[in-house]
Amino acid sequence: DTAVSQTPKYLVTQMGNDKSIKCEQNLGHDTMYWYKQDSKKFLKIMFSYNNKELIINETVPNRFSPKSPDKAHLNLHINSLELGDSAVYFCASSLFRDPSYNEQFFGPGTRLTVL
Amino acid sequence: GQQVMQIPQYQHVQEGEDFTTYCNSSTTLSNIQWYKQRPGGHPVFLIQLVKSGEVKKQKRLTFQFGEAKKNSSLHITATQTTDVGTYFCAGRVGNQFYFGTGTSLTVIP
């Protein structure tokens, strides 16, 4: 059983389109995250949800909107995709809300390519 | 800008040689975590250090947290090809959580 799963694994789309990435965790964790990893492998936290409540919202364009229907799911919707959005997006989860004190479990990643 | 820097950015070693990556922050970290990401994979948690001057070992890996809690290191003794990947430190700087810039390790058989 995959602990943290993401779909799709690959996403290729045109500039200006809207797309969504889905994430699910079966670990019973309270907190979920979205990270962006760029071509230089820099890994940056974007959002964090704890029990469906947004608790971390870094400086991210408002074209990115996370949604958490329940604590096991965290989706990421991106509007009006731009070339600079091309990256690998990782979902992660942890038992408690503070990422700096909790082991995070990462999903396999979604490689987004914007043409 | 990047708050948590790692050096070197890349390291190539011959199998059997030792490897060290250094993690530096300009401000005090509450604690430090280390993750490993294999090529094409996702980050996997290795360890967490909390106390000033703390040293922890996991088989051939030795992790240290600096006395001032502004730096940390990961040392691998006698590298193996399975050690290939990018090693990230991570920690909280002020109210924000950062991953370090990463060190990519290549092990030449």
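The values are calculated or read from the model by the stated rules, or taken from the named source; none is laboratory data. From a predicted model like this one, the values you see are computed outputs, not experimental measurements. Neighbour counts are summed over all protein chains in view; Cβ atoms, including those assigned to glycine, are modelled from backbone coordinates with ideal geometry.
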When both residues are 6+ apart or on different chains and their Cβ atoms are under 6 Å apart, which pairs have a first residue that lies in the range A:42-60 and is within 11 Å of chain B (Cβ to nearest Cβ), and a second that is surrounded by fewer than 15 Cβ atoms within 10 Å (Cβ to Cβ) and assigned to a strand (DSSP E or B)?
A:Ser48/A:Ile55
Checking A:Pro69 against (1) modelled with pLDDT of 95 or more; (2) more than 30 Å from B:Leu29 (Cα to Cα); (3) not basic (Lys, Arg), which single condition isn't satisfied?
(1)
For the subset of the range B:25-38 comprising residues that are under 11 Å from B:Val93 (Cα atoms) and out of contact with any Leu (no Cβ under 8 Å at 6 or more places or on another chain), which member is farthest from the other protein chains (Cβ to nearest Cβ)?
B:Ser26
Which condition does B:Ala68 not pass, out of (1) more than 13 Å from every other protein chain (Cβ to nearest Cβ); (2) more than 22 Å from B:Gln11 (Cα to Cα); (3) in contact with a strand residue (DSSP E or B) (Cβ under 8 Å, 6 or more places away or on another chain), if it passes all the others?
(3)
Restricted to the range A:18-41, and to residues that are touching a residue at least 24 places away in the same chain (Cβ under 8 Å) and more than 21 Å from A:Ala3 (Cα to Cα), which residue is farthest from the other protein chains (Cβ to nearest Cβ)?
A:Asp18
Suppose we filter the range A:61-98 for residues that are in contact with a His (Cβ under 9 Å, 6 or more places away or on another chain) and free of Cβ contacts under 8 Å to residues at least 12 places away in the same chain; how many remain?
1
Among the residues of the range B:72-107, which ones are facing another protein chain (nearest Cβ under 9 Å) and not in a loop (DSSP other than H, G, I, E, B)?
B:Thr86, B:Phe88, B:Ala90, B:Gly91, B:Arg92, B:Gln96, B:Phe97, B:Tyr98, B:Phe99, B:Ser104
Right, A:Leu76: surrounded by 14 or more Cβ atoms within 10 Å (Cβ to Cβ) and either at pLDDT 95 or above or facing chain B (nearest Cβ under 9 Å) (or both) or not?
yes
